[in-house]
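Trainee: The structure follows.
Quick note: the coordinates plus some simple rules give every number you see, no bench work behind them. In this text the structure is predicted, and so the values were computed from the model without any measurement. Every residue, glycine among them, receives a Cβ derived from its backbone with ideal geometry; neighbour counts consider all protein chains shown.
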Amino acid sequence: MVYVTSWDEFVERSVQLYKADPQSTRYCMKYRHCDGKLVLKVTDNKECLKFKTDQAQDAKKMEKLNNIFFALMARGPDVDLSEVTGKEQMEAQPAKKGRGRKQ
């Protein structure tokens, strides 16, 4: 088991691990409320990557990783991941279609 300290490195290595063997790769997350710790684990029975955090802001990063894995599992390992991460940036900007008063 390898605890990866950098989030970007964990995501990159996890995606590489999944693309190498999609049939046997597993992704698991565990949250311990009493400690306030979140542990993410990606394994393919040969290599095991783990990321541990106690920061609340990392929950948003975990959601982004979930979306990446959902896209890889649904569309196959050859999917363009830039469109998966690009959607969240577009959704974060509010639409300017208001029915407010004209000034």
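Trainee: Provide the FRET efficiency to the nearest 0.05 for the Asp78-Arg32 pair, computing r from the beta carbons and using R0 = 35 Å.
Mentor: That gives a FRET efficiency of 0.45.
Trainee: Through the Karplus equation 6.51 cos²θ - 1.76 cosθ + 1.60, θ set to phi - 60°, convert the phi angles of the range 55-63 into ³J(HN,Hα) values in whole Hz; use x for Gly and Pro.
Mentor: So the Karplus estimates, Gly and Pro as x, are 8, 5, 5, 6, 5, 5, 5, 5, 5 Hz.
Trainee: State the extension gain, in nm to one decimal, for the chain segment bounded by Asp21 and Asn66, taking 0.36 nm per residue of separation less the distance between their alpha-carbons.
Mentor: 14.4 nm is the gain from fully extending Asp21 to Asn66.
Trainee: So, one more: Could you work out the local net charge near Ser6, counting Lys and Arg as +1, Asp and Glu as -1, over the other residues with Cβ closer than 11 Å to its Cβ?
Mentor: That sum, taken over residues with Cβ under 11 Å, equals -2.
Trainee: Looking at Gln23, Leu49, His33, which one has the Cα that reaches farthest to the positive end of the dipole of the range 20-64 (charges on Cβ: Lys, Arg +1; Asp, Glu -1)?
Mentor: His33
Trainee: For the range 1-78, what is the Kirkwood hydrodynamic radius in Å, using each pair of distinct C-alpha atoms?
Mentor: Here the Kirkwood hydrodynamic radius works out to 12.8 Å.
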